[in-house]
Structure formats: structure tokens, C-alpha cells
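FYI, it's all coordinate maths here, none of it is from the lab. Keep in mind that what you see is a predicted model, and the values were worked out from it rather than measured. Heads up, the Cβs are rebuilt from the backbone with ideal geometry, glycines too, and the neighbour counts pull from every protein chain shown.
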Amino acid sequence: MINHPLIDFQGKYVIVTGATSGIGQAISIEVARQGAKPILVGKNPDKLKDTASRLESPGIETLCIDLNDHAAILPQVKELSRKIGRIYGLCHSAGIVDTVPLSSLSVEKIKAMMSVNLIAGIEMARAVSRRDVMEESGGALLFIASIYGLIGMPGEVGYSASKGAILAASRTMAVELARRKIRVNTLSPGLVKTGMTDAAFSVLSEKHRKELEDDHPLGIGTPEDVARAAVFLLAPQNTWITGINLVIDGGYTAL
Amino acid sequence: MTRTEALEWIANLFEEAVEVIKPETSRQDIPGWDSLGMLTLMAALDEKFNIVMSEKELEDLNKIDDILDVIRRHGKLDYA
């Protein structure tokens, strides 16, 4: 009996945004371990180079893009595809959070979060899913959302809005792109220890932080916990999974 | 807009290589020219050339030359 691996990306290209830190970096490492060629997207060339060197995987590409420059996304992805060939997948992991109460929220802060968390994600999807960019047999798009796109959290009005919006947009993309065998899913992590969440939670009181940690029955997560789930949703073998949101939160929303 | 530029514009619209898009290329041979592609074409003609067409009018277009004709009729295509 031949033992087929459950997951094998077979050298397919997967673009990962936010690849130089936190969850995005962990996903880049994990997809590479499972046989993909990751294309690392970030805005800092030195950090991209550093992450690429740590992956120890052949065929890694980097794409230096400022995700706030929405007009640059499509031409740069098209150009890269012309150079290296068809792309199989996208994981939009780049995100920013600005934790402030509603009274201190500003239009600029909301726009900044929407720009990266939502608009850049949709633009990346638009570029990667083009018929002249994506593999003709189909592909997979994955967006790293958040449980705060599903439930309320004080101080996260703008962030919640951006993550809720990408959840909604993904469902429509899933329906629209299914006929081309392009699967679109989202992952909603709970509290994961990264540089970004450290910054977000540094403004909270010690008591509030402790409460948040206690609210996760399995404790707070690691980027690797999220990366394993991301690989599952992106994997070429999981051809019947689309339009779902996988909550991975150590039991936070089960309480 | 020249005919070459128009063909490039249409190729990009339907996400096809420009070599594939010729005046005689039929709708059936362009995967991106499906029902959603028609909506894309409708929006793009409006945005790029200020040409407003109904879905019914767009349904009557069967090959690339028909799209060129529409652009030409609205005076937006140079006669080469």
C-alpha cells in the first residue's frame, strides 16, 4: 500500500504577507517544511533577507512591497509571476492593530488598519487569483483574521471592523472563485504571543492581561499553532474546504 | 487608443496573454469572458471610455472584434 502524505505542496509557490515576523513568519517556515516554495512579502528588505536565510529551503522568493501602496500590489505580483511562473496560493497574514478605546479612535487609525488588514488583502487576492497568475488547475487563498472579527473586545473597534470585513469578503470570494477551483478560507486566532500582540496588550493593565490569558482554557497560543492550521487550509490535498473560518483560540470562544 | 492598445487592454481585462487576444478570437475561447467577465467588461467600458452598455447589449458581443467595434463606434479607437 502506497502511503501518500496528507499534506505536500509539491514545490508550489505560496505568497505569504507579513512574512518577516510573528504568525506570517511561522507560516512561511511551515509551508516551506511541507514542500512549498514560499514567496515572502514584506516592506523591509533586510528583514526579508534575514527571514529567507532562516528558512533553509530552496526556491524562496521575496517581494518587497509596502502594502499601503495598493496600486503597486497587482503589477508587482504580475511581474513576479512572469519571472518565476504560476502561483498556487496566498496567505495574507500582514496586519496592524491599534488598541484604543472608541473615544480615542480616529479616522486615520481606522483607515490605517483597514488599509493593511482588509484592502491590501483583497488587492493581493485580486492579483494572485488572476487567470494569468494563478495555476490553471486552481489554488488557495487564506486570510488571517481574528476572533475579534467575531466577538467584541474593548479597545479593538477599528481592528474588529477590519477583521470582520475580511471574514465577510472571504466568503464572497469563496463563492465567486469556486468555479475556478480556487478555495478561500480564513483563520481566526485568539491571543497569540507575537511582537504585535505584545505591543497591543502592553497598554492593558496587568489584571486585564491576566484575565485574558485565563480566558483561554488551553493558554495563549504560539505562531506555530496558527501556522499548522494555516498549512492545513492551504494544502493542495484539501480540495473540498472553502468558505470556512477556522477558529483557533485555545478554547477562548467556547467559554 | 490604437487597435494594439485596445487588444492589450482587453487581454488584461480578461486576464489573458496578449497573444491570445485577436479580433477573431471568440468569446468561447476566452475563459475569463464568462458571466462575471461580462460584468467586468461592462464596468471597464464605463470607467475607461464612458461607454454605458446594458447586459443585453453585452450578451450580443461574440468575439473580440465586436468589443473593438463598440469602442470604435464611440469614437475611442483610432483608425489605423
Principal axis dimensions, the range A:148-216 - Cα atoms, whole angstrom, descending: 50, 20, 20
Cα-Cα pairs of the range A:121-188 separated by more than 21 Å (percent): 29
Convex hull of Cα atoms in the range A:87-237, direction-averaged projection (nm²): 9.4
Overall dimensions of the range A:96-153 as given by Cα atoms, namely Rg and Dmax in Å: 15.3, 49
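Determine, for each peptide in A:174-180, A:225-231, the mean count of other beta carbons within 10 angstrom over its residues, then list the peptides with the highest first.
A:225-231, A:174-180
Rounded to the nearest 500 deg cm²/dmol, what is the calculated helix-only ellipticity per residue at 222 nm for chain A, with -39500 (n - 2.57) per DSSP H run of length n ≥ 4?
-12500 deg cm²/dmol, from helical runs alone.
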Per-residue Cβ neighbour rank within 10 angstrom, fewest leading, B:34, A:214: A:214, B:34
Fewest-first ranking of A:30, B:59, using other Cβ atoms within 10 Å as the exposure measure: B:59, A:30
For the protein assembly as shown, convex hull volume per residue from C-alpha positions, Å³: 171
Highest-first arrangement of A:100-113, A:68-81, where packing means the average Cβ count within 10 Å: A:68-81, A:100-113
Chain A: most fluctuating residue of A:124, A:153, A:134 per GNM, C-alpha cutoff 10 Å: A:153
Residues with amide H under 5 Å from that of residue A:192, placed H, sequence gap 5 or more: A:221
Ranking of A:240, B:9 by count of other Cβ atoms within 10 Å, fewest first: A:240, B:9
Hydrodynamic radius (Kirkwood) for the range B:18-72, which is based on Cα pairs only, to one decimal in Å: 11.4
